[in-house]
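The values are calculated or read from the model by the stated rules, or taken from the named source; none is laboratory data. It should be emphasised that the depicted structure is a prediction, and the values quoted were computed from it without experimental measurement. Because the Cβ atoms are built from the backbone with ideal geometry, glycine has one as well, and the counts that use them run over all protein chains shown.
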């Protein structure tokens with residue numbers, strides 16, 4: 001049975017970090033099976049912070065590399081859940 005890895009990313013400032021985060025998402029795009037972005041939006045407010053949840057696939061070593069690179073980005077809190 002292969003491992004199921006879910007990565008949660010709490011982003012303090014979506015606008016400041018968007019380019020660097022998106023570059024990593026593109027670099028590891030073949031390892032991201034599902035991507036869900038959450039942030040507060042109303043008629044008058046678009047929150048600066050947000051959360052991204054990723055379902056990862058592929059070699060565990062590659063996914064761990066991705067997580068290490070994410071953790072180097074200032075303003076991110078990166079957590080993971082591993083099943084199996």
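Would you check if there is a residue in the range 15-28 being part of a strand (DSSP E or B) and modelled with pLDDT of 95 or more? Checking the range 15-28: not a single residue is part of a strand (DSSP E or B) and modelled with pLDDT of 95 or more. Residue count for the range 47-81 under the criterion of being in a strand (DSSP E or B) and either surrounded by 12 or more Cβ atoms within 10 Å (Cβ to Cβ) or within 11 Å of the chain's Cα centre (by Cα) (or both): the result is 12. With respect to residue 10, determine if the residue is surrounded by 13 or more Cβ atoms within 10 Å (Cβ to Cβ) and in a helix (DSSP H, G or I). Criteria not met by residue 10. For the range 19-32, the set of residues classified as surrounded by fewer than 12 Cβ atoms within 10 Å (Cβ to Cβ) and either under 11 Å from the mean Cα position of the chain (by Cα) or under 18 Å from residue 55 (Cβ atoms) (or both) consists of 22, 26, 29, 30, listed by residue number.
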